[in-house]
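To start, the structure under review is shown below, and the notes come after it.
The values are calculated or read from the model by the stated rules, or taken from the named source; none is laboratory data. The shown structure was predicted, so the numbers you read here are calculated from the model rather than taken from an experiment. All Cβ positions, even for glycine, are placed from backbone atoms using ideal geometry, and neighbour counts span all protein chains on display. Only protein heavy atoms, including side chains, enter the accessible area calculation; ligands, DNA and RNA are left aside. Shrake-Rupley method; radii C 1.70, N 1.55, O 1.52, S 1.80 Å.
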Amino acid sequence: MPGPSLLILAGDGIGPEVMAETRRVIDWFASRRGLAFAVAEDLVGGAAIDAHGVPLADATMAAAAAADAVLLGAVGGPKWDALPFARKPERGLLRLRKEMDLFANLRPAVCFAALAEASTLKPEVIAGLDIVIVRELTSGVYFGTPRGIVTEGGERVGINTQRYSEGEIARVARAAFALARQRSRRVCSMEKANVMESGVLWREVVQAVHDAEFADVALSHMYADAGAMQLVRAPRQFDVIVTDNLFGDILSDLAAMLTGSIGMLPSASLGARMANGRTKALYEPVHGSAPDIAGRGLANPLAAILSFAMALRYSFDRGDEASRLERAVERVLAAGIRTGDLLALGGRTPVGTAAMGDAVLAELEAGLAAG
Ligand code: NAD
C-alpha cells in the first residue's frame, strides 16, 4: 500500500539543489525506517513559467491541495524579474498559500549546541533554545480594508486596517494549542490588548478556546512589545508563541536570527483539516533561491532537510523520527562540518551541498548502528 502523499516542488535557483539532498533523506527514511511516502515532484515558480507559461499550473495546484504534505524549495531569480507582477515566480507560492488556505505559519527557533557560540546572545542565554512562533498568516493589517494612500486636508494619508474575526483568531489559536500538545504544553499569546481593540478580542478568544478545548495546556498572555524584550532577555522561558500577522512577522525574524544562518531555518504553514484527518501543510526553508550561489553546489541544504523533519513531526505524527533527523543534523554540526554560509560561525571543514547531505545520511546510519 502506498504511504501518505508528499509533493515536492523544488522551484528555482538553489531550490532543486537543496531538495535533491532532502529527497535522499526522504529515501533513507523509506529504506531504513519503513516510512514509505508516495512522492511526486512537480514545478513551481520560474521553472513552471518556463515549462507552462504560468508560475503554478492548475494541475500542480490540484495535486498540492490533495497531497498530505507539500515540500517546497524556493522560487524566483533574475531571469524572471522583468515579468509583470501577476506572472512572477513568487505568485506561484502565493497561490499555493491562498488556495490551500494556510493560515498558521510555524517558525521554529532552535539553537544547535555547536552554533551557540555564534549567536549575538550569550551562549548561556541561547544554548538549548527550542521554541516555535505561530504567526497568523492570512488576515490582520496586511489584508484589512480600508487601505491605501488618500489625500485629506491637502496632505497624503497612508491607511491600513488591523482586522480579525473571532473565527480567524480561534483557528490559529487551535493550531498553536495542538502544537503545544506535541511539545511542552505551554502557549504564550502576544498582542497589544492595552492599546488595540483587535488585541482585546484576540486575548478573549484565545482564552475561550483554551478554556473550552485545551485546558491541559498552560496559557499565558503578554503584550507583544514586552514579548520582544523577553525573547532577547530570556528566550528559553517560551515554548509556543501565538501571535498575529504583523507581530508574528517581526517576532519570528527576531527569534530565528538569534540562532544562526538563514541556511538553517525551516518553516511550516498549516491550514484546515482534510477529510482524512490530516492538516493541509506546506513545508519550506525560510531562505529564497539565492541566485548569487545557485548552480555551484554551495547551498546549505539543512533548512530544507529540517523542513522535512517538521513534516515528519506535524503532518505524519512521527516526532520520534523527526528527532532522529534533528539529532543527526546536531551531530554533523558538532563535528565541525559547515557549508559556506556557516563558516563564519566557526568550523573546520567547508563542504558543499551534496557533501552536507552525505554527512547527514552518514550520521543517520551511525545513529541506527548506535541503537
Ligand atoms: P535569499 O534567501 O535567496 O538569499 C539571501 C542571502 O542568503 C544570499 O546571499 C544567499 O546566498 C544566502 N543564502 C540563502 N539561502 C542559503 C542557503 N541555503 N545556503 C547558503 N546561503 C544561503 O534572499 P534574496 O537574495 O533576497 O532573494 C533571492 C530570490 O529569492 C529573489 O528572487 C526572491 O524573490 C526569492 N525569494 C524566495 C523566497 C521563497 O521562495 N520562499 C523567499 C525569499 C526570497
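May I ask you to list the residues of the range 235-268 whose amide nitrogen lies under 20 Å from a point 7 Å from Cα along the Cα→beta-carbon direction of LEU343?
260-265
Which value, in debye to the nearest 20, describes the size of the charge dipole of the range 130-258 about its Cα centre when Lys and Arg Cβ atoms bear +1, Asp and Glu Cβ atoms bear -1, and nothing else is charged?
340 debye
Pairs of alpha-carbon atoms within less than 8 angstrom and 6+ residues apart define the contacts here; what relative contact order does the chain have, in percent?
21 percent
Over the Cα atoms of the chain, what is the Rg over Rh ratio if Rh follows Kirkwood?
Answer for the chain: 0.97.
Just how large is the dipole of the chain about the Cα centre, in debye to the nearest 20, putting +1 at every Lys and Arg Cβ and -1 at every Asp and Glu Cβ?
Computed charge dipole of the chain: roughly 300 debye.
Could you tell me the convex hull volume per residue, in Å³, taken over the Cα atoms of the range 130-258?
113 Å³
Taking the Cα-to-Cβ direction at SER220 and at ALA82 and moving 7 Å from each Cα, how far apart do the two end points lie in nm?
Simple spin-label model gives 5.5 nm for this pair.
Over the Cα atoms, compute the radius of gyration (one decimal) and Dmax (the largest Cα-Cα distance, rounded to a whole number) for the range 253-371, in Å.
Rg and Dmax of the range 253-371, Cα atoms, are 15.2, 49 Å.
Calculated from DSSP H runs of 4 or more alone, at -39500 (n - 2.57) each and per residue, what is the 222 nm mean residue ellipticity of the chain, nearest 500?
That comes out to -13000 deg cm²/dmol.
Highest first, please rank the peptides 311-318, 18-25 by the mean number of other Cβ atoms sitting within 10 Å of their residues.
Top of the packing list down: 18-25, 311-318.
For the range 273-339, what is the Kirkwood estimate of the hydrodynamic radius, computed as the reciprocal of the mean inverse distance between distinct Cα atoms, to one decimal in Å?
So the Kirkwood estimate lands at 13.7 Å.
Of the peptides 263-271, 37-45, how do they stack up when ordered by the mean number of other Cβ atoms within 10 Å, highest first?
Packing proxy ranking, top to bottom: 263-271, 37-45.
Send over a whole-number figure in Å² for the accessible area per residue of the chain, probe 1.4 Å.
Heavy-atom accessible area per residue stands at 43 Å².
Just report the Cα centroid separation between the range 53-85 and the range 266-332, whole Å.
18 Å
In whole percent, what relative contact order does the range 130-258 give with Cα contacts below 8 Å and a gap of six or more residues?
Over the range 130-258, the number comes to 37 percent.
For the charge dipole of the range 130-258, defined by +1 on Lys and Arg C-beta atoms and -1 on Asp and Glu C-beta atoms about the Cα centroid, which residue among GLN207, VAL242, GLN162 has the Cα displaced farthest towards the positive pole?
VAL242
Once you place label points 7 Å from the Cα toward the Cβ at ALA212 and ALA335, how far apart are they in nm?
Distance between the two pseudo-spin positions: 5.1 nm.
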